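Provided herewith is a single structure, encoded as structure tokens, for subsequent inquiry.
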Amino acid sequence: MNKRGIMLITMAVAVLALGTTVFAEGEKIGVSMPTKDLQRWNQDGDNMKAELEAAGFEVDLQYASNDVQTQLSQIENMIASGDEVLVIAAIEGSSLGEALDMAAENEIPVIAYDRLLMDSDAVSYYATFDNYMVGTVQGNYIVETLDLDNVDGPFNLEITAGDPGDNNAGYFYQGAIDVLMPYIESGKLVVPSGQIAFDEVATPTWATETAQTRAENILSSNYADGETNVDVWLCSNDSTALGVENALAANYKGSYPIVTGQDCDIENTKNMIDGKQAMSVFKDTRTLASQVVKMVGQIVAGEEVDVNDTETYDNGVIVVPSFLCEPVFADANNYKELLIDSGYYTEDQLQ
Ligand code: BGC
């Protein structure tokens, strides 16, 4: 064989080795997303659609307006219309049992996307970011920034966590609390509102307005004397951080606290640049989408599916084989490299 022939064969082998791009034959994949209200799910949906289509799949992408009943019927329609694999980011992890049973009866593999699907054995795989690590990144940032190992404080801390219906929310909270609890116990961190337990600090549906109203109440009950400062406000994600930042802007005259977040939403990234939010945790939705597209390709091709965690995510019935992507610390110093240089946002979007 001449050199050109060898080159062509080498190229063909390389294309095959790239994997997901070649073996899809128009199978329809159902992608069920919770809501269009939050920036990240729009990005997740867009990325999944683009990547699945590039891999040759047809895509049935639906958003459920944060309404569990809507999500249930959308998934049932996906099954009825012959979708081959379902990718589901649940509004409420334990409320989709009926639809999951229907998927199992029809032998349709289900991938839980970002949020675990609970109380069902009909969940084939889970792809997410390391949720506990998101919390530890936030907690460690607080410890380092306040230098808690070397100074006595005390510093005032308030806590805003996520949606009790979202299994992730407990992991974010626990990751951060496991880091901070020794300092709360030693008195270096004090929580003037007294609200520490997850149930006391949770924010149903992760709503900005709910987080804002609770923060306004905490500020007026504990920090209105003009002398008491809140030094740090642990917020599990950006939508709740935004509520706290709005409350601080409206009702607080003390020195500005460290506010944490997660997602690098546009509004929050602007606030990081303006000094109103100290940090966020970047979870590149492109990475998660690529991983899920890879999983879908492996499922459809009957290949072994890549997972890197087979112990952590017990959904109450089974331990779901998972792939955890790594979350990354973000602040005003590295956002350009993380978000702009990587093409996640344009500079204009952050003006
Ligand atoms: C996601 C977070 C997001 C939150 C609210 C969680 O399940 O992992 O990235 O901020 O939902 O949408």
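To the nearest 20 debye, what charge dipole does the stretch 127-193 have about its Cα centre, counting +1 at the Cβ of each Lys and Arg and -1 at the Cβ of each Asp and Glu?
Working: 1 positive and 10 negative charges, 14 e Å.
Its charge dipole is roughly 60 debye.
Also, quick follow-up: Kindly state, to the nearest 0.05, the FRET efficiency for residue 94 paired with residue 199, given R0 = 22 Å and r defined as their beta-carbon distance. Before the final figure, lay out each step's value.
Working: r = 17 Å, r/R0 = 0.75.
That pair, residue 94 with residue 199, gives E of 0.85.
Work from the charge dipole of the stretch 87-238 (Cβ charges, +1 for Lys and Arg, -1 for Asp and Glu, about the Cα centre) and give the residue of 99, 179, 126 farthest towards its positive end.
About the Cα centre, the residue reaching furthest to the positive side is 179.
Same structure again: Quick check on the stretch 135-245: take the gyration tensor over C-alpha atoms, sort the square-rooted eigenvalues as a ≥ b ≥ c, and tell me if it's rounded (a/c under 1.5), prolate or oblate. Working shown, then result.
Details: a/c = 1.95, a/b = 1.18, b/c = 1.65.
Oblate shape, in that a/c is at least 1.5 and b/c is the bigger or equal ratio.
Of the options 110, 142, 71, report the single residue whose Cα projects farthest towards the positive end of the charge dipole of the chain (beta-carbon charges: Lys, Arg +1; Asp, Glu -1).
142
Cβ under 12 Å from residue 279's Cβ, residue 279 left aside: what net charge do those residues give with Lys, Arg +1 and Asp, Glu -1?
Numbers: positive: 276; negative: 144, 238, 263, 331.
Here the charged neighbours net out to -3.
With each run of n ≥ 4 DSSP H residues scored as -39500 (n - 2.57), what mean residue ellipticity at 222 nm is computed for the chain after dividing by its residue count and rounding to the nearest 500 deg cm²/dmol?
Working: 12 runs with 148 residues, N = 351.
-13000 deg cm²/dmol, from helical runs alone.
Compute the Cα gyration tensor for the stretch 100-197, then decide on rounded, prolate or oblate, letting a ≥ b ≥ c be the square roots of its eigenvalues: rounded whenever a/c is under 1.5, prolate when a/b is larger than b/c in the other cases, and oblate in all that remain.
On the way: a/c = 4.84, a/b = 2.90, b/c = 1.67.
Prolate shape, in that a/c is at least 1.5 and a/b is the bigger ratio.
Quick one: plug the Kirkwood hydrodynamic radius of the chain (C-alpha pairs) into Stokes-Einstein at 10 °C, 1.306 mPa s, and report D in µm²/s. List each step's numbers first, then the result.
On the way: Rh = 21.5 Å.
My calculation gives 74 µm²/s for D.
I would also like to ask the following. Could you tell me whether the stretch 172-231 comes out rounded, prolate or oblate from its Cα gyration tensor? Rule is a ≥ b ≥ c as square roots of the eigenvalues, rounded for a/c under 1.5, then prolate if a/b exceeds b/c, otherwise oblate.
Details: a/c = 2.53, a/b = 1.06, b/c = 2.39.
Oblate.
Could you give me the ³J(HN,Hα) list for the stretch 306-321, computed from phi with Karplus coefficients 6.51, -1.76, 1.60 and θ = phi - 60°, whole Hz, x at Gly and Pro?
Running phi through 6.51 cos²θ - 1.76 cosθ + 1.60 with θ = phi - 60° gives 5, 9, 10, 8, 10, 10, 7, 9, 8, 9, x, 10, 9, 8, 8, x Hz.
Mind checking which of 305, 137, 244 has the largest fluctuation in a GNM of the chain, springs on alpha carbons under 10 Å?
Taking springs between Cα atoms under 10 Å, the residue moving most is 305.
Charges at C-beta only: +1 for Lys and Arg, -1 for Asp and Glu. How large is the resulting dipole of the chain about its Cα centre, in Debye rounded to 20?
Working: 16 positive and 57 negative charges, 184 e Å.
For the chain, the charge dipole is close to 880 debye.
List the GluC sites (Glu not before Pro) within the stretch 45-147 that DSSP assigns to loop and that have no more than 13 neighbouring Cβ atoms inside 10 Å. Don't jump to the answer; show the numbers that get you there.
Working: sites: 51, 53, 58, 76, 84, 92, 98, 105, 107, 144; in loops: 84, 92, 107.
Passing sites in the stretch 45-147 are 107.
Here is a further query. Name the GluC sites (Glu not before Pro) in the stretch 192-301 that are in a loop by DSSP and that have at most 14 other C-beta atoms within 10 Å, would you?
Working: sites: 200, 209, 216, 227, 245, 267; in loops: 227.
Here the sparse-neighbourhood loop sites are 227.
FYI, it's all coordinate maths here, none of it is from the lab. For clarity, every value in this text was computed on a predicted model and none was experimentally measured. Quick reminder, even Gly has a Cβ in these numbers, built from the backbone with ideal geometry, and neighbours come from all protein chains shown.
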